[in-house]
Amino acid sequence: MSQIKILTGIDIVDIGRFEKALKEGGERLLSRMFLPSERSKISGQHLAGIFAAKEAVVKALSITRESWLLIEILNEPSGKPRAVVHADISYDVIGCDISIAHDGGTAIANCVVLVS
């Protein structure tokens with residue numbers, strides 16, 4: 001019988017610094033970090049939240065840090081974010097939950113994954 005584990009990840013992003021990096025990096029940086037489905041949320045605040053969520057997923061699942069395009073952050077009809085991982089991972093994922101918040105110039109996201 002395989003053991004069930006809870007994995008977690010969290011990330012925080014300074015929205016101002018993130019927006020500056022996006023401005024300096026332009027289209028090349030956007031296309032390196034975000035899938036077309038994510039780029040429809042073009043405000044810096046929303047993209048910072050999506051990036052924080054991707055980083056939280058990377059940390060929870062121990063995925064290579066440069067795998068941003070293998071993690072897709074979508075929204076349920078209710079608006080709740082969810083992560084779709086297109087990367088090969090060494091876990092059997094039972095469930096994954098993410099949350100994103102913005103306040104005071106920062107975006108924060110956490111990820112909780114139940115694996116076996």
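Each value in this text was obtained by applying a stated rule to the coordinates, not by laboratory testing. Remember, predicted model here, so these are calculated numbers, not experimental data. Cβ placement follows ideal geometry from the backbone for every residue including glycine, while neighbour counts extend to all protein chains displayed.
Taking Cα centre as origin and charging only the Cβ of basic (Lys, Arg, +1) and acidic (Asp, Glu, -1) residues, the dipole magnitude of the chain rounds to 140 debye.
Beyond 18 Å, what share of the Cα-Cα pairs of the range 5-115 is found? Please give it as a whole percent.
Numbers: 2741 of 6105 pairs.
The share of Cα pairs beyond 18 Å in the range 5-115 comes to 45 percent.
Label-to-label distance, residue 114 versus residue 10, with points set 7 angstrom from Cα along the beta-carbon direction: 2.1 nm.
When Lys and Arg each count +1 and Asp and Glu each count -1, what net charge do the other residues less than 12 Å away from residue 31, Cβ to Cβ, add up to? Mind showing how you got there, number by number?
On the way: positive: 28, 32, 39; negative: 27, 38.
Value of the local net charge: +1.
Helix 44-61 and the longest principal axis of the C-alpha atoms of the chain enclose an angle of approximately 30°. Take the residue pairs 5/59; 54/80; 20/80 and return only those whose Cα atoms are more than 24 Å apart. Result: 20/80 exceed 24 Å.
Angle, helix 15-33 long axis vs. longest principal axis of the chain, Cα atoms, 0 to 90°, nearest 10? Compared with the principal axis, the helix lies near 80 degrees.
Adding -39500 (n - 2.57) for every DSSP H run of four residues or longer, then dividing by how many residues the chain holds, sets the calculated 222 nm ellipticity at -11500 deg cm²/dmol.
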